[in-house]
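Participant: A single structure is presented below for examination.
We did not get these values from a lab; they are worked out from the coordinates using the rules stated. It should be emphasised that the depicted structure is a prediction, and the values quoted were computed from it without experimental measurement. Here the Cβ positions follow ideal geometry from the backbone for every residue, glycine too, while neighbour counts run over all protein chains shown.
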Amino acid sequence: MVDVEKWEKMPLSVQMGNIGSEINRVIHWEKLGKKEEKENALWRALELLDLTINQTKSWELLRLREMICDKFLGENSYNISSDFFKNYFLQFYLIGKGLNPSGK
């Protein structure tokens, strides 16, 4: 269970980096064919994303949630690769660590 108060005090970049860590776990377990582990990581990612959506009221995050669900639970009608999500969330991880995503 997530400590909601602690989560809400985190900067958005750190929240998104944590969500990205869970999505990376989803991708990892999917490659290994570990369905239960994949689903656990996916539900955890969605739980964290929902907390962030509730806090920020961001429509963009709702679209991200839709894309994640379509990729990992649906038919991947957006034709999104796992690498897309890895690269997307990497930017937030780098920002959260105080690094410049562009490498400059």
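Participant: Between Lys31 and Asp70, what length in nm is gained on full extension when 0.36 nm per residue of separation is reduced by their alpha carbon distance?
Facilitator: The span from Lys31 to Asp70 would gain 12.3 nm if fully extended.
Participant: Assuming R0 = 25 Å, what is the FRET efficiency of Glu5 and Asn100, from their Cβ-Cβ distance, to the nearest 0.05?
Facilitator: Efficiency, rounded to the nearest 0.05: 0.25.
Participant: I would also like to ask the following. For the chain, please report how many Lys pairs fall under 17 Å Cα to Cα, leaving out neighbours fewer than 8 apart on the same chain.
Facilitator: Count of close lysine pairs: 10.
Participant: To continue, here is another question. Report the local net charge at Trp29: Lys and Arg +1, Asp and Glu -1, summed over other residues whose C-beta lies under 12 Å from its C-beta.
Facilitator: That works out to +1.
Participant: Then there is this: Among Ile68, Ile95, what is the fewest-to-most ranking by other Cβ atoms within 10 Å?
Facilitator: By the 10 Å Cβ count, ascending, the order reads Ile95, Ile68.
Participant: Moving on to the next point. How are the Cα pair distances of the range 1-83 distributed, in percent, across 10 Å bins from 0?
Facilitator: 18, 51, 27, 4
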